[in-house]
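For reference, the structure is listed below as structure tokens.
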Amino acid sequence: MEGLANNEGKKGRKFLSMQNLVHNQKNLTNSRRVVMVFGGCIAGVLGLRSISGLLLFFAMQLLISLTQFLVMEMKLSKYTLSTPLAFVASPMFSEALTFVLGWCLFYALVHIY
């Protein structure tokens, strides 16, 4: 990950590098996507249904958010423009589809066919 601030301007203003911001967002999204695919595969292989699968999704979401937060040395504002709540909650809906795709695929492969 790369820091966003290039240098300090006059009166304490910070200038952000959009190139670094886009790079960081891509890395965060890609790592979340990979974890959600594996989480869905785990849910499918274990044969989880309804609430238990949903709980695994939330656990995986919190795990990857916490891991990314720790990798950023708890300095979220240095690498992204998100607030901590938005950092955890906003990708939850887009990654839910990835999780469900892996979940349904592996559930069908292991338990139905």
Original post:
When you scan the stretch 74-91, how many residues do you find that are part of a helix (DSSP H, G or I) and surrounded by 13 or more Cβ atoms within 10 Å (Cβ to Cβ)?
Top reply: 8
Subject >> Pairs where the first residue, in the stretch 49-74, is within 20 Å of THR29 (Cα to Cα) and the second is aromatic (Phe, Trp, Tyr) and modelled with pLDDT under 90, C-beta under 6 Å, 6+ apart >> reply: MET72/TYR79
Subject >> When residues of the stretch 92-113 are limited to those that are modelled with pLDDT of 90 or more and either in contact with a strand residue (DSSP E or B) (Cβ under 8 Å, 6 or more places away or on another chain) or of a type in the set (Gly, Ala, Ser) (or both), the one surrounded by the fewest Cβ atoms within 10 Å (Cβ to Cβ) >> reply: ALA108
**OP:** Please go through the stretch 47-89 and pick out each residue that is among the β-branched types (Val, Ile, Thr), over 20 Å from ASN20 (Cα atoms) and more than 11 Å from the chain's Cα centre (by Cα).
**Re:** ILE51
Original post:
Taking only pairs six or more apart or across chains, which ones have beta-carbon atoms under 8 Å, a first residue in the stretch 5-24 that is in a loop (DSSP other than H, G, I, E, B), and a second residue that is at pLDDT below 60?
Top reply: SER17/ALA5; SER17/ASN6
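The values are calculated or read from the model by the stated rules, or taken from the named source; none is laboratory data. The model shown is predicted, which means the values in this text are computed figures rather than measured ones. Virtual Cβ from ideal backbone geometry, glycine too; neighbours counted across all protein chains shown.
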